[in-house]
Ligand code: WT7
């Protein structure tokens, strides 16, 4: 932790404007009360919020029970998430979803429509013999049907695992087999950048590699492109729907029943199936939508995240729908047919709250700095970012050009594991500073801790970002791997704190600045990737002996991947740019486009310690064009550094 020191200094700060303050869900007083009431009695605080925000079938008896790292929330409470998202908002003539396809077809779905669609699909799933607790993989782009599939699972108590539709067949197969899913739901195809992506073909490949648990594949005819139809497994979505409207009573779920599993990268080759439960997850996603996004029933909330990520779960589907607002979903590329697509959608649909990733902001800023000027973006009242630290230049552009210098920006820090925003400004209250996610939300007890376990109180000193007290939407574990759960998130400080894996510092005003990861995880375009996962995929190539993956700063992606590779003796002739290109595509096929290394360099050996550990720190220096820093005395083969440096 010695090297962590901050070089960023940002003096600009922004107060929320009066119009916003006058209507915001939280005020200075209300926020203060929330913080106070948490401090006085954390159980009473959470219990009250849970009763205010969730419709319970049966009230709970305890608030937080159990011991680290196995906490339980709202035991004996009974509820159903789909009921909270749908049943309580019907008969109100309210719009639930505005869907824009890449080729600009618009579909509007009311809460009533959505309720009936979900009920009908739930009935169909039930007819397939699925029962509470069964796992269902959803491999679909962000369309209404994907949301219908998620909510239907929730209605029946089936545990869904949405797999990002850009993932390769191998990544898909791994996830199916890890959670032993019975059913996979997919589409024939979808469009990205004008091209047809044949999702069903990827599913076929995954199944052909072996997925013994899968009984059926349900295919929604999205594009009506030709697919291979395997009679033994495949069924069409529209053919299993009952011809008359069915109503399915929501399954009575216990608070701690699993709602979903979502896979995320860790520092080993194997992704982790993060488990989220029913009540706790729902509560934090509702309150953060109200507090941080200031959501109200007349908002049109566009969160650009794909449903394959946690952001899509909490801020496209569950949170906003359980809050009763209208969501906009766009199922296409941000730059198709042109780089002003986002601004066009905002103008045409009068989006009020817009939430996207710094990488998207940087891309759109780079490709069309002044394009937003052509659009009327006055409907916007609040902007958000997530996924990685946002650089102040992009923040200010976002503020001036998209927000017309009028909209608060909420920079929200959280993780797949936390389920919902943990550190973020309260838009009607918090003074924002470009580049910081500001303060912890009420109920979230954040600490910055040195490696030896001491709380760091000195301003601007970096340390491990931890969460000191349990919270309702915390992960309940890793599917099928309790030991890994304990090791990854709790061991470092002996079960005392939840370890986020991030490093951070607090400035003089108490603003929290995220500094990066402390493990072997890189953040490319706001997506978390385990370097080990990429290394294993490179090493699985027949010609490759060893690989080490590090990241370097990239103008648009935030971080980009540099892979250092050595080849087996009989293949050293392949140390060519052409083979480097082949390897990049190899990784893309194995994991997905987002993991494709930006750079690959070959060398005769990798720098190692005498005990054989690859010294990634040195490779990082090289990739980042820095001087080799720190001690190299443990290096076994010092002359290799010269060769590595020459390559770049
Ligand atoms: C990691 C979590 C949470 C949804 C998107 C990514 C980084 C996330 C911020 C932010 C700086 C951020 C952290 C975190 N991160 N938000 N506002 N500022 N860094 O979810 O894939 O679970 O990744 O993303 O490093 O640990 P995820």
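Computed from the coordinates by the stated procedures, all read-outs in this text should not be read as laboratory data. Since we're looking at a predicted model, the values are computed, not measured. Heads up, the Cβs are rebuilt from the backbone with ideal geometry, glycines too, and the neighbour counts pull from every protein chain shown.
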With eigenvalues of the C-alpha gyration tensor scaled by 5 and rooted, segment 106-222, Å: 22, 20, 10
For the chain, convex hull of alpha carbons as volume per residue, Å³: 158
Cα-based Rg / Dmax (Å) for segment 346-456: 15.6, 54
Sequence ranges 279-289, 342-352, 236-246, ranked by mean other-Cβ count within 10 angstrom, highest first: 279-289, 342-352, 236-246
Sequence of 135, 341, 362, 215 once ranked by neighbouring C-beta atoms within 10 Å, starting from the fewest: 215, 341, 362, 135
Unit Cα scatterers, Debye sum, segment 238-306: log10 I(q)/I(0) for q = 0.28 Å⁻¹: -1.12
Cα Rg, Dmax, segment 237-374, angstrom units: 18.2, 52
Whole-Å semi-axes of segment 1-136's equivalent ellipsoid (Cα gyration tensor): 36, 28, 21
Extension gain from residue 91 to residue 484, taking 0.36 nm per residue of separation minus the Cα-Cα distance: 136.9 nm
Rounded FRET efficiency, nearest 0.05, which uses the C-beta distance separating residue 48 from residue 240 and R0 of 51 Å: 0.75
Rg over Rh [alpha-carbon atoms, Kirkwood Rh] for segment 521-647: 0.94
Net length gained if the chain between residue 599 and residue 393 were fully extended (0.36 nm per residue, minus Cα distance): 71.6 nm
Point-to-point label distance, residue 65-residue 177, nm (Cα→Cβ direction, 7 Å offset): 3.9
Computed over segment 526-576, Cα set: Rg, Dmax in Å: 12.7, 38
Two-site FRET efficiency, residue 459 against residue 370, from Cβ-Cβ distance with R₀ of 30 Å, rounded to 0.05: 0.20
Extension gain, residue 10 back to residue 131 (0.36 nm per residue minus Cα-Cα distance, nm): 38.2 nm
FRET E, pair residue 642, residue 570, Förster distance 22 Å, beta-carbon r, rounded to 0.05: 0.30
